[in-house]
Amino acid sequence: MQICRSTGEIRDLSREWRRAGQAVALVPTMGALHAGHMSLVARAREWVDAQGGGRVVTSIFVNPTQFGPNEDLDRYPRDEEGDRRKLAQAGCDAVFLPRVEDIYRPGAQTHVEVEGLGRMLMGRLRPGHFRGVATVVTKLFNIVQPDAAAFGEKDYQQLTLIRRMVADLDIPVQILPVPTMREDDGLAMSSRNQRLTEADRAAAPVLPRALAAAQEMAATGVTTAAMRARIRGIIASEPRATIRSIDIRDADDLTRVTKLARPAVILLAVAFGDVLLIDQRVVRP
């Protein structure tokens with residue numbers, strides 16, 4: 001596995017592969033890798049193999065522009081040595097490890113913003129977050145020049161936003177959605193799980209339990225208001241959980257829905273102590 005720390009190195013490597021007729025797939029991450037990230041690498045590998053052969057690049061960059069002033073940028077877990085070992089074992093061909101100054105040059109004035117999708121839901125809870133996401137993903141696409149990129153469904157709003165951005169800006173990258181990986185007790189895998197206290201970690205599986213209950217309700221034709229009330233009741237029964245948002249939206253464009261006539265996505269944002277966890281599930285009538 002090749003290690004690239006500069007934009008020039010990874011760009012030259014990607015250009016060399018593509019000149020040789022090999023497809024390139026990118027897995028953007030912020031590091032602290034776990035089995036969920038490895039499922040993204042596996043999906044990228046599956047995709048390039050289906051193109052007749054190719055290469056997988058994983059980027060590791062803790063992007064400062066998607067963190068708010070009171071969020072956990074400094075405490076975000078970092079483990080470069082462990083991440084590199086996991087990626088090598090997963091068969092990743094190259095890892096891109098840029099510095100902040102490589103991605104954001106002094107005096108830069110250009111940002112990418114998906115206005116509607118970026119300002120609703122988590123964008124409302126975390127102003128500026130999705131502008132940071134859209135900007136860094138666009139930059140990574142421009143630097144690596146991949147043919148495809150893998151993103152997890154756990155960050156469902158992010159996935160939807162990136163699909164919209166790619167379509168709106170005619171970016172020639174195929175987006176590969178990857179189902180959420182879960183722990184044995186159902187909790188969605190996340191780098192932030194490492195920061196949960198023992199008691200909060202024991203309480204956090206209330207999220208998948210609430211989603212499972214709502215999924216059962218969806219088949220009965222109930223209103224989204226009834227589903228939301230059921231979810232709220234289950235999560236509120238856990239004293240360590242602080243509900244930040246419960247939303248049920250159209251699975252394609254995240255518009256509001258009041259009755260399930262087509263697939264919808266349930267989006268949760270719940271804090272345990274100072275750690276904000278998100279989870280999601282697509283339900284069908």
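Can you confirm whether Ala150 is outside any helix (DSSP H, G or I), touching a helix residue (DSSP H, G or I) at 6+ places or on another chain (Cβ under 7 Å) and not basic (Lys, Arg)? Yes.
State all residues of region 17-31 that are aliphatic (A, V, I, L, M) and surrounded by fewer than 21 Cβ atoms within 10 Å (Cβ to Cβ); if no residue qualifies, say none. Answer for region 17-31, where residues must be aliphatic (A, V, I, L, M) and surrounded by fewer than 21 Cβ atoms within 10 Å (Cβ to Cβ): Ala20, Met30. Scan Asp93, Asp72, Asp102 and give me the residue that is under 14 Å from Val27 (Cβ atoms), among the acidic types (Asp, Glu) and assigned by TED's automatic domain parsing to the domain that holds Ala32. Checking each option against the conditions leaves just Asp93.
All conditions in (1) outside any helix (DSSP H, G or I); (2) under 29 Å from Asp49 (Cα atoms) hold for Val137, with the sole exception of (1). Number of residues in region 195-249 that are modelled with pLDDT of 95 or more, of a type outside the set (D, E, K, R) and not in a helix (DSSP H, G or I): the value is 12.
For region 165-184, a residue qualifies if it is buried (at least 17 other Cβ atoms within 10 Å of the Cβ) and either over 25 Å from Glu115 (Cα atoms) or not hydrophobic (A, V, I, L, M, F, W, C) (or both), and the qualifying residues are Thr180, Met181, Glu183. The residue pairs whose first member lies in region 226-238 and is under 16 Å from Asp279 (Cβ atoms), whose second member is of a type in the set (Val, Ile, Thr) and assigned to a helix (DSSP H, G or I), and whose beta carbons are closer than 6 Å, counting only pairs six or more residues apart or on different chains, are Ile235/Val206; Glu238/Val206. Which condition from (1) at pLDDT below 95; (2) crowded, with 17+ Cβ neighbours inside 10 Å is the one that Arg284 breaks? Tallying (1) at pLDDT below 95; (2) crowded, with 17+ Cβ neighbours inside 10 Å, Arg284 fails exactly one: (2).
One line per residue, one yes/no per condition, for (1) in the same structural domain as Arg262 (by TED's automatic domain parsing); (2) under 30 Å from Glu16 (Cα atoms); (3) surrounded by fewer than 19 Cβ atoms within 10 Å (Cβ to Cβ):
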{"site": "Gly132", "(1), (2), (3)": "no, yes, no"}
{"site": "Val144", "(1), (2), (3)": "no, yes, no"}
{"site": "Tyr156", "(1), (2), (3)": "no, no, no"}
{"site": "Ile162", "(1), (2), (3)": "no, yes, no"}
{"site": "Gly186", "(1), (2), (3)": "no, no, yes"}
{"site": "Thr220", "(1), (2), (3)": "yes, no, yes"}
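All of Arg78, Arg105, Arg84 fail the test of being more than 23 Å from Arg163 (Cβ to Cβ), among the basic types (Lys, Arg), modelled with pLDDT under 95 and surrounded by 13 or more Cβ atoms within 10 Å (Cβ to Cβ), apart from Arg78. Picking from Glu80, Glu9, Glu16, Glu46, which residue would you name as being acidic (Asp, Glu) and within 27 Å of Arg131 (Cβ to Cβ)? Testing whether each residue is acidic (Asp, Glu) and within 27 Å of Arg131 (Cβ to Cβ) leaves just Glu80.
Flag not set for Ala210, criterion: farther than 25 Å from Met120 by Cβ and not assigned by TED's automatic domain parsing to the domain that holds Ala32.
Taking region 250-285 as the range and being part of a strand (DSSP E or B), more than 21 Å from Gly116 (Cα to Cα) and more than 20 Å from the chain's Cα centre (by Cα) as the test, only Lys259 passes.
The values are calculated or read from the model by the stated rules, or taken from the named source; none is laboratory data. Source: prediction; values computed, not measured. Virtual Cβ from ideal backbone geometry, glycine too; neighbours counted across all protein chains shown.
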